[in-house]
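Inspection log for the structure reproduced underneath, given as structure tokens.
The values are calculated or read from the model by the stated rules, or taken from the named source; none is laboratory data. Bear in mind that the values here come from a model prediction, so they are computed numbers and not experimental data. Here the Cβ positions follow ideal geometry from the backbone for every residue, glycine too, while neighbour counts run over all protein chains shown. To get the accessible areas, we keep the full protein, side chains included, count just its heavy atoms, and leave off ligands, DNA and RNA. Shrake-Rupley method; radii C 1.70, N 1.55, O 1.52, S 1.80 Å.
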Amino acid sequence: MVRVARLPGGGLAKGLAVTLRTMARPSITRQYPEVQPDLPPRSRGVIALLEENCTVCMLCARECPDWCIYIDSHKETLPAEGRGRPRSRNVLDRFAIDFSLCMYCGICIEVCPFDALFWSPEFEYAEYDIAELTHEKERLREWMWTVPPPPAHDPGAEPPKEVTAAARAAERGRP
């Protein structure tokens with residue numbers, strides 16, 4: 001193998017060349033507080049809660065690897081109509097997420113069977129005290145209105161199984 005002899009100071013010349021190239025380019029400064037950044041669609045910011053859909057099944061709290069979701073509930077008995085027996089249902093008292101512990105993995109959103117949790121693109125929720133990063137259901141509800149709608153379906157895709165099953169059932173029901 002033949003080694004090419006290096007010139008003394010060659011590394012310094014390369015470094016200066018990179019510096020001169022970047023000095024010629026204009027700098028790009030984003031004026032963050034005044035100009036909001038353009039976030040990619042469906043970006044993950046904070047977890048939002050749609051309280052009406054929550055049935056207090058506790059799946060999100062059980063599956064959370066950080067144990068940062070706190071849920072409290074109580075049972076409420078609903079009177080029965082007619083001669084039926086009274087029904088009981090869970091009522092959500094407290095739903096809180098400690099964002100100082102959360103690692104934003106999204107497991108809680110994926111396991112929720114009733115679509116009560118969503119990703120919101122909000123990212124400005126910093127606090128001066130770490131204890132204030134535990135957000136209750138009222139604050140999580142405020143973020144729900146910033147959740148973007150889901151992307152439109154692909155026009156060339158197959159229709160959902162539920163739609164085709166309903167269409168077949170309707171066809172069988174017709175004479």
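General observations
- Qualifying residue in the range 104-119 (condition: within 22 Å of ASN53 (Cα to Cα), in a loop (DSSP other than H, G, I, E, B), aliphatic (A, V, I, L, M) and in contact with a Phe, Trp or Tyr (Cβ under 7 Å, 6 or more places away or on another chain)): no
- For the range 66-84, taking the residues that are touching a Cys at 6+ places or on another chain (Cβ under 7 Å) and part of a loop (DSSP other than H, G, I, E, B), the one that is least open to solvent (accessible area, probe 1.4 Å) is identified as CYS68.
- Only residues that are open to solvent by less than 80 Å² (accessible area, probe 1.4 Å) and within 30 Å of GLU142 (Cβ to Cβ) were counted in the range 5-38, giving 1.
- Residue that is nearest to the chain's Cα centre (by Cα), among those in the range 111-130 that are open to solvent by less than 90 Å² (accessible area, probe 1.4 Å), in contact (Cβ under 8 Å) with a residue 12 or more places away in the chain and farther than 20 Å from MET58 by Cβ: TRP119
- Inspection of the range 94-110 finds a residue satisfying the criterion of being in contact with a Cys (Cβ under 9 Å, 6 or more places away or on another chain), of a type in the set (D, E, K, R) and either surrounded by 10 or more Cβ atoms within 10 Å (Cβ to Cβ) or over 21 Å from CYS64 (Cα atoms) (or both).
- Restricting attention to the range 124-138, the residues being touching a strand residue (DSSP E or B) at 6+ places or on another chain (Cβ under 9 Å), closer than 14 Å to CYS102 by Cβ and in a helix (DSSP H, G or I) number 1.
- Any hit, the range 11-33, residues being out of contact with any Ser or Thr (no Cβ under 8 Å at 6 or more places or on another chain), hydroxyl-bearing (Ser, Thr, Tyr) and under 30 Å from HIS74 (Cβ atoms): no
- Looking at VAL18, VAL56, VAL46, VAL91, just one residue is touching an Asp or Glu at 6+ places or on another chain (Cβ under 6 Å), of a type outside the set (S, T, N, Q) and more than 25 Å from ALA126 (Cβ to Cβ), and that residue is VAL91.
- Residue within the range 85-96 that is assigned to a loop (DSSP other than H, G, I, E, B) and modelled with pLDDT under 95 present: yes
- Consider the range 138-165 and keep the residues that are free of Cβ contacts under 8 Å to residues at least 12 places away in the same chain and open to solvent by less than 60 Å² (accessible area, probe 1.4 Å). The one that is nearest to the chain's Cα centre (by Cα) is ALA157.
- Residue within the range 44-52 that is open to solvent by 70 Å² or more (accessible area, probe 1.4 Å), in contact with a Pro (Cβ under 9 Å, 6 or more places away or on another chain), within 18 Å of PHE118 (Cβ to Cβ) and assigned to a loop (DSSP other than H, G, I, E, B) present: yes
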